[in-house]
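The values are calculated or read from the model by the stated rules, or taken from the named source; none is laboratory data. Values in this document were obtained by computation on a predicted structure and should not be read as measured data. Heads up, the Cβs are rebuilt from the backbone with ideal geometry, glycines too, and the neighbour counts pull from every protein chain shown. Note: areas computed on protein heavy atoms with side chains; ligands, DNA, RNA excluded. Shrake-Rupley method; radii C 1.70, N 1.55, O 1.52, S 1.80 Å.
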Amino acid sequence: VQLQASGGGLVQAGGSLRLSCAASGSIGSINDMGWYRQAPGKQRELVAVISSGGSINYADSVKGRFTISRDNAKNTVYLQMNSLKPEDTAVYYCKLQPRFRTKPYWGQGTQVTVSS
């Protein structure tokens, strides 16, 4: 199983980006799909997570600006990021939790840089 994350880049404050993370291989059913981020010198933190039933949780810092969604047929999770701020600058990682496996899969990370 491989996770391919894409969509990162450099954007000015107030701009938008859309991240995608697609899983290939025999991953089977997926429970939670989520996005995490890690800024330089900081710990990795949860950005947003969506369950197989559609329940969603966001970090307080991104509520109202970011939207997570998933396409189960494509084993893909998305993160629409609007009104970006310089403090959103980080490497963004996707995480997929298969239903019949204890250990989750992580994507390779995609850099998001927001200039002021």
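Structure summary
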| read-out | value |
| --- | --- |
| Extension reserve of the ARG101-GLU45 stretch, reckoned as 0.36 nm per residue once the Cα distance is removed | 17.9 nm |
| The stretch 15-23 - phi-based ³J(HN,Hα) in whole Hz, Karplus 6.51/-1.76/1.60, Gly and Pro as x | x, 9, 9, 10, 8, 10, 9, 10, 9 |
| Spin-label proximity, LYS85 to the stretch 1-37 - amide N less than 14 Å from point 7 Å beyond Cα toward beta carbon | 13-15 |
| Residue-normalised accessible area of the chain, given per residue in Å² at a 1.4 Å probe | 53 |
| Anisotropy class of the stretch 1-47 from Cα gyration tensor, a/c 1.5 cut | prolate |
| Rh by Kirkwood over Cα pairs, then Stokes-Einstein D for the chain at 1.306 mPa s and 10 °C, µm²/s | 112 |
| Loop trypsin sites (Lys or Arg not before Pro), the stretch 1-57 (other Cβ atoms within 10 Å of the site Cβ: 10 or fewer; DSSP) | LYS42 |
| Efficiency of FRET between THR113 and ASP71 - r from beta-carbon atoms, R0 35 angstrom, step 0.05 | 0.85 |
| Whichever lysines have a C-alpha closer than 26 Å to that of LYS85, once near sequence neighbours (fewer than 8 apart) are set aside | LYS42, LYS63, LYS95 |
| Solvent-accessible area, 1.4 Å probe, carbon plus sulfur percent, for the chain | 45 |
| Residue-by-residue Karplus 3J(HN,Hα) for the stretch 95-102, coefficients 6.51, -1.76, 1.60, Hz, glycine and proline x | 9, 10, 9, x, 5, 10, 8, 6 |
